[in-house]
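Contents: one structure, followed by commentary.
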Amino acid sequence: MANEDRHPYLELDNKKIGHKIYIQRKIAGLKAFDVAEQLGIKEAAYTKYERGETKITIDFVKKISEILKIDPLLLLSSNDVNYFDNIHNSPILSTFHTYQSTNEKQNEAILALIENVIEMNKNIMQLLNDKSKN
């Protein structure tokens, strides 16, 4: 697909998600090296995800959410809230990183749904492109 044919709803925003991963890792009290080790990659490769320099996939979001013990939707949300500023000095800070709003099966179902919606959007765009060529 050429760059001019790309649509923002078909791809994840690497920079925003990477920043959210960074913030959640800090909240969890983990070092980048520790997270990279759990992912089975080098620290330099991992920090590229946090900086938004490496393409973030749904599978990566799922893995990092399990390591950070957070709901993956927290990372995928389009909400631009600066999490750290909102919870800094909060009385619930010590329990924040362990909170999960859904169980594992729900997370898997939601991630599968997101993948299906992305694929459906790609197919719709292809159909529209094909139709406009006719």
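Since every read-out is calculated from the coordinates, none of them should be taken as a lab result. Here the structure is a predicted model, which means the values were calculated and not measured. Glycine also receives a Cβ, built like all others from the backbone with ideal geometry; neighbour counts cover every protein chain displayed.
Here are some notes:
- For residue 51, net neighbour charge (Lys/Arg +1, Asp/Glu -1) across residues whose Cβ lies under 15 Å away: +4
- Members of 26/48; 16/133; 15/105; 20/122; 42/69 lying beyond 24 Å, as alpha-carbon distances in this model show: 16/133; 15/105; 20/122
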